[in-house]
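The values are calculated or read from the model by the stated rules, or taken from the named source; none is laboratory data. Since we're looking at a predicted model, the values are computed, not measured. Here the Cβ positions follow ideal geometry from the backbone for every residue, glycine too, while neighbour counts run over all protein chains shown. Remember, those area values only see protein heavy atoms, side chains included, never the ligands or the DNA or RNA. Shrake-Rupley method; radii C 1.70, N 1.55, O 1.52, S 1.80 Å.
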Amino acid sequence: LTGVLDDCLCDIESIDDFNTFKIFPKIQKLQERDYFRYYKVNLKRPCPFWADDGHCSIKDCHVEPCPESKIPVGIKAGSSNKYSKAANNSKELEDCEQANKLGAINSTLSNQSKEAFIDWARYDDSQDHFCELDDERSPDAQYVDLLLNPERYTGYKGPSAWRVWNSIYEENCFKPRSVYRPLNPLAPSRGGSCLLAFVFLFSWTGLCLEKRVFYKLISGLHASINLHLCANYLLEEMWGKPRWGPNVKEFTRRFDPIETKGEGPRRLKNLYFLYLIELRALSKVAPYFERSVVDLYTGNGHEDAESKALLLDIFRDTKSFHMHFDEKSMFAGDKKGAKSLKEEFRLHFKNISRIMDCVGCDKCRLWGKLQTQGLGTALKILFSEKEIQSLPENSPSKGFQLTRQEIVALVNAFGR
């Protein structure tokens with residue numbers, strides 16, 4: 001790939017150089033650290049859109065949860081949005097302060113009114129989320145070591161995989177006109193994977209920037225996942241010992257210009273566009289992490305300090321990149337129309353995050369949920385610039401918060 005990407009003033013060669021020599025080596029190291037390698041996920045949530053058609057029985061679909069004894073004490077203790085040692089050690093004080101506030105403010109209100117206020121606050125808190133979040137308190141939610149459960153080809157394919165991506169593209173995605181439906185999974189196939197190939201005929205006529213961006217992000221996510229399946233493919237299994245590695249033939253089938261009738265390069269360009277969006281989010285959220293109150297707490301003081309130093313170093317690199325996507329050009333029309341479009345944008349993406357609970361392969365579901373939450377977190381950041389700029393230095397913010405889950409998802413999605 002060469003040349004300039006659509007909808008931004010950035011060329012592919014500059015992104016390649018920046019990523020290869022600055023970002024990738026550091027983000028790889030960061031993903032290996034305890035704070036970022038353990039992700040809590042509920043892989044047993046039922047599909048909300050259609051009856052479950054059975055989970056993948058292939059052994060490589062299985063995800064091995066992490067034993068409780070292996071999880072760092074600072075990660076498994078306290079609430080999911082606590083990121084500092086002080087926060088993890090002050091649960092009782094926090095509960096007491098919250099009770100005092102409720103008492104002071106609501107002393108003349110009925111219990112029913114108090115409950116209503118709590119519900120409203122919970123609803124308000126959900127308004128900046130672009131994803132359907134797992135309930136981390138559910139007994140079905142388990143910690144997974146991402147390093148021991150890598151994203152790779154599992155053999156999951158067919159109608160179940162087809163239905164997931166068909167739903168995303170056909171029902172939830174702002175898409176160009178004249179879009180062909182995905183390849184029929186019941187037709188003879190030359191291969192298969194977690195995500196089947198789609199054939200599109202493009203015409204951007206009449207599609208505004210925001211809807212083009214939305215489509216490119218979903219296409220870029222699709223391309224990213226397909227790339228990792230091709231790069232980490234089960235090549236052979238001798239005497240029960242699998243050998244994983246790059247499958248060039250599979251990569252060619254999905255991305256070669258001739259094989260895909262010119263569509264493959266566009267898919268890869270959308271991957272670069274996704275990279276730019278998440279890179280922009282990292283540069284925008286830096287002030288949140290630069291505060292002393294944020295520790296990336298795991299209980300290991302030395303490692304926590306190193307993790308934060310490495311993360312801040314990555315932020316410095318992201319700020320040095322001179323060709324960021326300009327999100328200010330989005331939702332810049334009349335206020336009423338822009339607000340309506342932004343809400344449509346958010347609800348479309350939230351619906352896509354719910355569809356990830358319909359993926360029949362646990363490993364595919366894990367990485368689908370994580371990368372979707374990572375992208376949702378990036379969008380939440382890009383639409384919260386004012387809140388981030390007004391963060392207090394020495395106390396958690398009421399206007400903008402990131403849970404540990406969102407932080408882990410953002411870094412690992414960008415790492416992908």
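So how far, in whole Å, is the C-alpha centre of the range 29-47 from the one of the range 234-297?
17
Which of LYS40/LYS319; LYS319/LYS380; LYS350/LYS398 have a Cα-Cα distance over 24 Å? Could you put the intermediate results ahead of the total?
On the way: LYS40/LYS319 30 Å; LYS319/LYS380 19 Å; LYS350/LYS398 22 Å.
As for pairs spanning more than 24 Å Cα to Cα, those are LYS40/LYS319.
Pulled fully out, how much extra length does the chain show between ALA305 and LYS76, if you take 0.36 nm times their separation in residues and subtract their Cα-Cα distance? Kindly include the intermediate steps, with their values, before the conclusion.
On the way: separation 229, 0.36 × 229 = 82.44 nm, distance 1.87 nm.
Going from the current span to full extension adds 80.6 nm.
On the accessible surface of the range 363-416, probed at 1.4 Å, how many percent belong to carbon and sulfur atoms?
Details: 760 of 1620 Å².
It is 47 percent, rounded to a whole number.
Once the mean 1/r over all distinct Cα pairs of the range 361-402 is inverted, what Kirkwood radius in angstroms do you read off? Walk me through the intermediate numbers first.
Numbers: mean 1/r = 0.0836 Å⁻¹.
12.0 Å is the Kirkwood radius here.
Between LYS319 and LEU147, what's the calculated FRET efficiency when r is the beta-carbon distance and R0 is 25 Å? Round to 0.05.
0.30
Would you please report the Å³ per residue occupied by the convex hull of the alpha carbon atoms in the range 327-412?
Working: hull volume 9.5 nm³, N = 86.
Considering the Cα atoms of the range 327-412, their hull volume per residue is 111 Å³.
Starting with the highest mean, order 356-369, 145-158, 271-284 by the number of other Cβ atoms within 10 Å, averaged over the residues of each peptide.
Details: 356-369: 24.1, 145-158: 18.1, 271-284: 21.9.
Ranked by mean Cβ neighbours within 10 Å, highest first: 356-369, 271-284, 145-158.
Under the 0.36 nm per residue contour assumption, what length would be gained going from the current alpha-carbon distance of TRP50 and GLU32 to full extension?
Details: separation 18, 0.36 × 18 = 6.48 nm, distance 3.66 nm.
This chain segment gains 2.8 nm when fully extended.
What are the ³J(HN,Hα) values, in whole Hz, obtained from phi via the Karplus relation 6.51 cos²θ - 1.76 cosθ + 1.60 with θ = phi - 60°, for each residue of the range 244-250 in sequence order, with x given for Gly and Pro?
9, x, x, 10, 5, 4, 5
Just to confirm, what accessible area per residue do you get for the range 271-396 at 1.4 Å probe, in whole Å²?
Details: 4860 Å² over 126 residues.
Heavy-atom SASA per residue in the range 271-396 reads 39 Å².
Over 29 Å between C-alpha atoms is what I'm after, so list which of LYS22/LYS241; LYS26/LYS342; LYS269/LYS328; LYS44/LYS70; LYS26/LYS335 land there. Walk me through the numbers before you get to the answer.
Details: LYS22/LYS241 36 Å; LYS26/LYS342 33 Å; LYS269/LYS328 21 Å; LYS44/LYS70 22 Å; LYS26/LYS335 40 Å.
Over 29 Å Cα-Cα: LYS22/LYS241; LYS26/LYS342; LYS26/LYS335.
At a 1.4 Å probe, what is the % contribution of carbon and sulfur to the accessible area of the range 205-283?
On the way: 2040 of 3450 Å².
Exposed carbon and sulfur together represent 59 percent of the surface.
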